[in-house]
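Working notes, beginning with the structure itself.
The values are calculated or read from the model by the stated rules, or taken from the named source; none is laboratory data. This is a predicted model, so every value here is computed, not measured. Here Cβ is always computed from backbone atoms with ideal geometry, including for glycine, and neighbour counts include all displayed protein chains. When the accessible area is computed, the model is the full protein with side chains, heavy atoms only, and any ligands, DNA or RNA have been set aside. Shrake-Rupley method; radii C 1.70, N 1.55, O 1.52, S 1.80 Å.
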Amino acid sequence: MTSFKKALVIAIALPMALGSASALAFGGGNHHGGKGGCGMQDGRKVFSQLDLTDAQKEQMKSMREMNRDEMKSKRLEKYTEMRANHDKMQELVLASDFDENAVRDLAQQMSTAQVERRVVMLEKRHEMLNILTPEQKTQYQTLQAERAEKCQARMADRQK
């Protein structure tokens, strides 16, 4: 088989394989888009169970609005970066020779960007949790532990 045909087969098979893997990761399409699942969407429910003062509620609201506005302002930048990385991946996959070093460099760049996003996210969560009193933090931890147990039970039920 010529290298053009090999590259063509890879270009066709790779998106199909990745699409199948992501579908299987969600149980073959049996997911609920975050509703009723074990995702971050339950976070606000936990805060609503903490008997926050009006001042705390206002602080939380202003932080959420600030974070939302910041995310909106960076949306185009993130999309452009994601698109550029996707184009680089396609270029590397479609190349006549596999350049492992270039793939590793790109994967490292993408991983570093993901780590940075995670650090920012956890920093913002830390700021929000520091609004809570020590008693509220204890109650928060208890509610989170209960939520994790329910999630684990749901996951176990799905495996049956």
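Which of K124/K160; K45/K88; K137/K160; K57/K160; K78/K137; K57/K150 have a Cα-Cα distance over 31 Å? Check vs 31 Å cut-off fails for K124/K160; K45/K88; K137/K160; K57/K160; K78/K137.
In a reduced charge model with +1 at each Lys and Arg Cβ and -1 at each Asp and Glu Cβ, the range 43-158 shows a dipole moment near 560 debye about its Cα centre.
Over the range 43-158, the ratio between the Cα radius of gyration and 2.2 N^0.38 Å evaluates to 1.52.
For Q139, the shell of other residues with beta-carbons less than 11 Å away shows a net charge of -2, using +1 for Lys and Arg and -1 for Asp and Glu.
Within the shell defined by Cβ-Cβ distances under 14 Å, the residues around M89 carry a net charge of -3, with Lys and Arg each +1 and Asp and Glu each -1.
Take every pair of alpha-carbon atoms less than 8 Å apart whose residues are at least six positions apart; their mean separation over the length of the range 43-158 yields a relative contact order of 46 percent. The residues of the range 43-158 present an accessible area of 79 Å² per residue when probed at 1.4 Å with all protein chains retained. Note on the range 43-158: with neighbouring protein chains present and a 1.4 Å probe, carbon and sulfur make up 54 percent of its accessible heavy-atom surface.
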